[in-house]
Amino acid sequence: MNPNDYITAMIKIARNAGQRAMEHRERIDEMEVSFKGQADLLCEADEDVEMLIFKSFQKSHPDIAFQGEEGGLRGSEDAELRWVVDPIDGTTNFLSGLPFTISIALVQGTTPIAGVIFSPVEDELFSATIGQGAMLNGTPIKVREQTDPARFVVGTGLPLDRYKHSMGAYDRLHQIREQVSAVRIMGSCALSLANVACGRLDGYFEGPTGFLDCAAGIVILKEAGGKVTDFWGTENYPENITFTTGAPACQAFLLETTKTAPRGSSKE
């Protein structure tokens, strides 16, 4: 199985999905919006875009299982390959007029082997297949090899208090912020990972987040020369949905702080 055999279809489907999402955004004021959970919005565009992606892959690759953010797993739990899709990563951004992404990964077992992240607002498409490097709109990209923490620009998300490893999160954020040039919040995990891959950010950390949000970004960032671990330095995703990522020097710097996070997914 060669992941390069799939990337052309992934790119085409991501662009089609981005076009559909932008059509929905032209009528935001008419859209029904609900909450899946605290600070977790859902709108009809999420479900419609996911269905477009699902039907497209069913037509082109019906033998591969499909796991979507909204519809869950379609196909066998034991399938060797599955599409892992977040149809709109950054729904709040989408509803607010900010950049969002279409995130599609091809996963073998628990390992992402190909990924596409499309930002339709900016018309930027990031892609990678394992062993073949990473691209932005067809041009090779690499992480920025900055080694001075005082010049690091780091991305993150704001954690919810109900998660165990969020205990002390703002203390860790303050410690990091005091040593780096800047901290930025993109509002989309996939977009943040893509921005590390192309050198706009030096690193990114967040916990918790979903594997579906990160799967495409993992392969793109690693193929761009970055490093991806959980908060404690192990490549144990998707079991641990925490991420400390970046160009090697920045990732090592961030890990010194994130590894102090309590283990576990909840306070219970």
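The values are calculated or read from the model by the stated rules, or taken from the named source; none is laboratory data. Since we're looking at a predicted model, the values are computed, not measured. Methodologically, a virtual Cβ is constructed for each residue, glycine included, from the backbone with ideal geometry; neighbour enumeration extends over all protein chains shown. Accessible surface areas use protein heavy atoms only, side chains included; no ligands, DNA or RNA. Shrake-Rupley method; radii C 1.70, N 1.55, O 1.52, S 1.80 Å.
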- Query: Taking the stretch 196-241 as the search range and keeping residues that are aliphatic (A, V, I, L, M) and in a loop (DSSP other than H, G, I, E, B), which one is nearest to Y170 (Cα to Cα)?
  - Reply: I241
- Item | Residue selected from the stretch 42-80 under the condition under 19 Å from the mean Cα position of the chain (by Cα) and surrounded by fewer than 18 Cβ atoms within 10 Å (Cβ to Cβ), by the criterion modelled with the lowest pLDDT | L42
- Query: Cβ-Cβ below 6 Å, separation at least six or inter-chain, first residue in the stretch 56-78 and of a type in the set (G, A, S), second surrounded by 13 or more Cβ atoms within 10 Å (Cβ to Cβ) and assigned to a strand (DSSP E or B): which pairs?
  - Reply: A65/R82; G68/V85; G75/A65; G75/F66; S76/A65
- Task: For the stretch 200-230, name all the residues that are over 13 Å from the mean Cα position of the chain (by Cα) and open to solvent by 10 Å² or more (accessible area, probe 1.4 Å).
- Result: R200, E223, G225, G226, K227
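Go over the candidates T147, T110 one by one and state the one that is among the polar types (S, T, N, Q) and closer than 21 Å to I7 by Cα.
Working: T147 fails: closer than 21 Å to I7 by Cα.
Sole residue among the options that is among the polar types (S, T, N, Q) and closer than 21 Å to I7 by Cα: T110.
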- Message: I'd like to verify a number: residues in the stretch 97-110 that are of a type in the set (S, T, N, Q) and either open to solvent by less than 10 Å² (accessible area, probe 1.4 Å) or free of Cβ contacts under 8 Å to residues at least 60 places away in the same chain (or both), how many?
- Response: 2
- Scanning the stretch 122-135 for residues that are touching a residue at least 24 places away in the same chain (Cβ under 8 Å), within 20 Å of T101 (Cα to Cα) and surrounded by fewer than 21 Cβ atoms within 10 Å (Cβ to Cβ) gives E124
- Task: With a cut-off of at least 2 residues that are of a type in the set (V, I, T), name the strands (runs of 3 or more DSSP E) lying wholly within the stretch 54-127.
- Result: 81-89, 101-108, 111-119
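Going by the structure shown, is I185 touching a residue at least 12 places away in the same chain (Cβ under 8 Å), touching a Cys at 6+ places or on another chain (Cβ under 7 Å) and among the β-branched types (V, I, T)?
Details: touching a residue at least 12 places away in the same chain (Cβ under 8 Å): yes; touching a Cys at 6+ places or on another chain (Cβ under 7 Å): no; among the β-branched types (V, I, T): yes.
Spelling it out, it is not the case that I185 is touching a residue at least 12 places away in the same chain (Cβ under 8 Å), touching a Cys at 6+ places or on another chain (Cβ under 7 Å) and among the β-branched types (V, I, T).
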- Task: Quick one: which residue in M10, M1 is outside any strand (DSSP E or B) and modelled with pLDDT under 80?
- Result: M1
- Restricting the first residue to the stretch 4-15 and requiring it to be in contact (Cβ under 8 Å) with a residue 24 or more places away in the chain, which pairs with a second residue that is in a helix (DSSP H, G or I) and open to solvent by less than 50 Å² (accessible area, probe 1.4 Å) meet a Cβ separation below 7 Å and a spacing of at least six or different chains? I13/I53; I13/S56; I13/F57
- Task: Among the numbered conditions (1) open to solvent by 60 Å² or more (accessible area, probe 1.4 Å); (2) farther than 24 Å from A17 by Cα; (3) β-branched (V, I, T); (4) in contact with a strand residue (DSSP E or B) (Cβ under 7 Å, 6 or more places away or on another chain), tell me where T147 comes up short.
- Result: (4)
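With part of a helix (DSSP H, G or I), within 14 Å of the chain's Cα centre (by Cα) and surrounded by 24 or more Cβ atoms within 10 Å (Cβ to Cβ) as the only criterion, which of L254, L191 stands out?
Details: L254 fails: within 14 Å of the chain's Cα centre (by Cα).
On inspection, the qualifying residue turns out to be L191.
Among A134, A182, which is within 27 Å of L254 (Cβ to Cβ), under 19 Å from the mean Cα position of the chain (by Cα) and of a type in the set (G, A, S)? Steps first, please.
Values: A182 fails: under 19 Å from the mean Cα position of the chain (by Cα).
Exactly one residue qualifies, and that residue is A134.
Could you tell me whether A261 is within 19 Å of P159 (Cα to Cα), buried (at least 17 other Cβ atoms within 10 Å of the Cβ) and more than 19 Å from the chain's Cα centre (by Cα)? Quick ask: steps written out before the conclusion?
Numbers: within 19 Å of P159 (Cα to Cα): yes; buried (at least 17 other Cβ atoms within 10 Å of the Cβ): yes; more than 19 Å from the chain's Cα centre (by Cα): yes.
Yes: the conditions hold for A261.
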- Apart from one, (1) farther than 24 Å from R25 by Cα; (2) at pLDDT 95 or above all hold for H165; the odd one out is (2)
- Are any residues in the stretch 111-121 surrounded by fewer than 24 Cβ atoms within 10 Å (Cβ to Cβ), within 15 Å of the chain's Cα centre (by Cα) and aliphatic (A, V, I, L, M), and if so, which ones? I113
